Amino acid sequence: MGVAGEREAPDGTVVGVGNSVSGGAFHAPVVQAGTLNGGMHTYYGQQPPSGLPPVADWPRLDAADPIASGVRRTRRIGDEPPLPPYVARGGDGVLKERVRTAARSGGLVLVTGEPLSGKSRTAWAAMLTNLPGTTRFLAPAAGTDLRGLPAVLRGRGEDRCVIWLDELEGYLGDHGLTPALLAELVRLRVPVIATMSDEAYDAHRFGGQARARVLVGVDPVELSRAWTKDEQGRLCEAIEDGRLGDVYHWSGDTDTVAFLAVGPELWDEWWRARRPNAHPHGHLLVRVAMDLARCGTDDTAVPSSLLRELCALYEQEAAQAAGESFEDALAWASKVRHGVTGLLVPGAEPDSWRCFASLHRDAVSRPDAPPVPLNLWLHALEAVRGDSDLRELVVDCAQSELERVADGRPEVGLVLGRLYEATGQAQYAEDWFRHSADAGGVEAAGIVGRALADRGQVVPAITYLERAAEAGDADARTDLALLLADRAVYWLDRLGESGDEGAQRAADMLRALVKTPPDTVEE
C-alpha cells in the first residue's frame, strides 16, 4: 500500500515522495505495519454517526405500538381496544406478497394513497400478519440519521428485523434512506415498510430530485379513500365492534376511514372550544345540532336560525357564548377540517346544518357526555314534523333516555306526555301526565284533571284540579270553579226533585249563571 507524502529537498524546495507500507494491514483509522518507509501522515476517515440503539433493544413486532408509530387513533369508548378490528382492503393480496418477498430478500414495500385513506393501518396490518411476531421492529423518528443502520444490523445475530418508515418523505435525503442504504438493506435481507401520500409520492418521484432514485423501481400499492362494495361488505361483517357498526350505519357519504380517523379529532376540538377564549358560541351551536341528532332526528338538517334560537335552552352555556358573534360561531363550526368535513355539515336546503355523524355517536356512547335539555325533545319532534317515521323515532329515543330518570321528576313525565300526545298516542300520553301529576307536577295535574272531567269522572278530576289551582294555575282555577258549579247544580236539582223549592230556585239561578243545562253532571 502506498501513502503519498512530501519532504524538503537540499535546495529548499518541497518535493512529493511515495511512502510505502509493507507486511501490514489497515483497520479503519489504524495502520498495522511490518515496515514503514518515509514520513507518515495519519488520516482519519469519518465514521457515519449512529444514535440508533442496538437491535437487541428494538421491541418485538408483536409488542410494538401502532398508534405511536403513526397509525391514526380511532374513536374509543370505555374499555374498547385502541383500534377496531382491521377490515381487509382490496389491495391486501398484492401487499401480502410484497411484504413476504421483502421479508425473504429485503427491499422497500410502499403504500400510497389520499390523506385518511388508511395507508398506515393497511401497511401495519400487512406487516403484522406476514412477519413473525418475534421480528425486531424499528420506527425511527422522521429526520433520524440512518447512515449507521447497516452497522447496527450487522450485529443483529439471528434476529429478524423490519424498518417502519411512516410518511417516507420525512426519511429521504443524504442522511436518510438513500439508494445506497436501500441496496445495503437488500443485501442484509431487511424489509422496509413505508407509507406516503399521493401528493408526496408524486412530488418526490417525478420532481427531478436526487432522492427520487429511492422510489425508482418501487411499485407502490395504491389505496383509495373510497371503499368498494366488497370492502363495505366486509365492514358489515365486522359490526360487532361498535365503532365499525357506527361507521357502517352512520358514515353515509363520508369516507369510511375518515369517519373513524377524523372523529376523535373533531370531538377533541369541539370539547376544547367551550372555553371563553376559544369558540364558546360555536361549541354551543354544534352541541345543539348534536343533541337534536341524539333526540332521534338522525341526519336531518335544520335551519341555522333554529340552531340560534335553541341556544337559549342552554342558559349557562348561552351566557358564556355571548362574547362571540353568531356569524363567527357558524363559520368556525362549519369550517372543513382535514379536507373531509366540518363539525357542522351543510344540508340539502340553503343555510341548513346538521352535526357530523361521529359527534352525535360519540355523545350517545360517552358516559360523560352532557345531557340533552328536556325541552329540546319537543323541538326535535317539531323539526321532523313531516316525517312520521322520524317522529316515532324521536318518541322512542325519548322513552329510552327519559324513562329511567322519570321517578320523582314531574318535568320528565310532562315532556313524555307531550311527545305521546303530539304523536296521537293518547293513552300513553295520559299515563305520563298522571305520572307527572302524582310526582307533584302542577301543569300535568291540570291536564289530568281536565281529561277526567271531560269523561265525567268528577271526583278524581276535582282532586287534580284543586292541586293545580292551589299552585296558582289560573286555567285550573277556572275549570275547577265551573266543575264545582256543575256539581252543585246537579245536587240542587236532586234536592228540588224531593220537593225542596229553595234548592230548585238556587239550582236555576246557578244554572243561569254558569249556563249549565240540567242533569249534565254524572256521578
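Every condition in (1) open to solvent by less than 20 Å² (accessible area, probe 1.4 Å); (2) of a type in the set (S, T, N, Q); (3) over 30 Å from CYS236 (Cβ atoms) holds for SER117 except the one numbered (3). Just so you know, in segment 247-261 the residues that are open to solvent by 40 Å² or more (accessible area, probe 1.4 Å) and in a loop (DSSP other than H, G, I, E, B) include one that is modelled with the highest pLDDT, and it is GLY252. I'd like to check something: does segment 237-244 contain any residue that is over 19 Å from the mean Cα position of the chain (by Cα) and not in a helix (DSSP H, G or I)? There is at least one residue in segment 237-244 that is over 19 Å from the mean Cα position of the chain (by Cα) and not in a helix (DSSP H, G or I).
Among the residues of segment 381-394, is there at least one that is in contact with a Pro (Cβ under 9 Å, 6 or more places away or on another chain) and either crowded, with 17+ Cβ neighbours inside 10 Å or not in a loop (DSSP other than H, G, I, E, B) (or both)? Within segment 381-394, none of the residues are in contact with a Pro (Cβ under 9 Å, 6 or more places away or on another chain) and either crowded, with 17+ Cβ neighbours inside 10 Å or not in a loop (DSSP other than H, G, I, E, B) (or both).
Selection over segment 303-317 of residues that are outside any helix (DSSP H, G or I) and open to solvent by 10 Å² or more (accessible area, probe 1.4 Å) gives a count of 1. Of all the criteria given as (1) open to solvent by 60 Å² or more (accessible area, probe 1.4 Å); (2) among the charged types (D, E, K, R); (3) modelled with pLDDT under 90, the one not satisfied by GLU158 is (3).
Pairs linking a residue in segment 56-72 that is within 20 Å of SER117 (Cα to Cα) to a residue that is of a type in the set (D, E, K, R) and part of a loop (DSSP other than H, G, I, E, B), with Cβ atoms under 9 Å and 6 or more positions apart or on different chains, are ILE67/ARG73; SER69/ASP166; GLY70/ASP166; GLY70/GLU167; VAL71/ASP65; VAL71/ASP166. Once segment 432-450 is narrowed to residues that are open to solvent by less than 30 Å² (accessible area, probe 1.4 Å) and free of Cβ contacts under 8 Å to residues at least 24 places away in the same chain, the residue that is nearest to ASP486 (Cα to Cα) is VAL448. The residues of segment 419-443 that are within 27 Å of THR297 (Cα to Cα) and among the aliphatic types (A, V, I, L, M), listed by number, are LEU419, ALA422, ALA426, ALA429. Among the residues of segment 283-302, are any in a helix (DSSP H, G or I), basic (Lys, Arg) and farther than 30 Å from ALA123 by Cβ? Looking through segment 283-302, at least one residue is in a helix (DSSP H, G or I), basic (Lys, Arg) and farther than 30 Å from ALA123 by Cβ.
Scanning segment 133-155 for residues that are open to solvent by 20 Å² or more (accessible area, probe 1.4 Å), more than 18 Å from ILE67 (Cα to Cα) and under 36 Å from the mean Cα position of the chain (by Cα) yields a total of 4. Considering segment 262-287 alone, what residues qualify as being within 17 Å of the chain's Cα centre (by Cα) and either open to solvent by less than 10 Å² (accessible area, probe 1.4 Å) or acidic (Asp, Glu) (or both)? VAL262, GLY263, PRO264, GLU265, LEU266, ASP268, GLU269, TRP270, ALA273, VAL286, listed by residue number. In summary, LEU378 fulfils each of the numbered conditions (1) at pLDDT below 95; (2) open to solvent by 10 Å² or more (accessible area, probe 1.4 Å) with the single exception of condition (1). Just checking, does segment 159-171 include any residue being in contact (Cβ under 8 Å) with a residue 60 or more places away in the chain and more than 25 Å from GLY113 (Cα to Cα)? For segment 159-171, residues in contact (Cβ under 8 Å) with a residue 60 or more places away in the chain and more than 25 Å from GLY113 (Cα to Cα): present.
When LEU344 is tested against (1) touching a helix residue (DSSP H, G or I) at 6+ places or on another chain (Cβ under 7 Å); (2) of a type in the set (A, V, I, L, M); (3) open to solvent by 70 Å² or more (accessible area, probe 1.4 Å), exactly one condition is not met: (3). Every condition in (1) assigned to a helix (DSSP H, G or I); (2) within 26 Å of VAL262 (Cβ to Cβ); (3) open to solvent by less than 60 Å² (accessible area, probe 1.4 Å) is met by VAL364 except one, and the failing one is (3).
Looking only at segment 421-431, residues that are without any contact (Cβ under 8 Å) to a residue 40 or more places away in the chain and either open to solvent by less than 60 Å² (accessible area, probe 1.4 Å) or part of a helix (DSSP H, G or I) (or both) come to 7 in all.
Hey, does segment 88-100 have a residue that's open to solvent by 30 Å² or more (accessible area, probe 1.4 Å), in contact (Cβ under 8 Å) with a residue 12 or more places away in the chain and assigned to a loop (DSSP other than H, G, I, E, B)? There is at least one residue in segment 88-100 that is open to solvent by 30 Å² or more (accessible area, probe 1.4 Å), in contact (Cβ under 8 Å) with a residue 12 or more places away in the chain and assigned to a loop (DSSP other than H, G, I, E, B).
The values are calculated or read from the model by the stated rules, or taken from the named source; none is laboratory data. Model, not experiment: these values are computed from the prediction. Cβ: placed from backbone, ideal geometry, glycine included. Neighbour counts: every protein chain shown. SASA here: full protein model, heavy atoms, side chains in, ligands and nucleic acids out. Shrake-Rupley method; radii C 1.70, N 1.55, O 1.52, S 1.80 Å.
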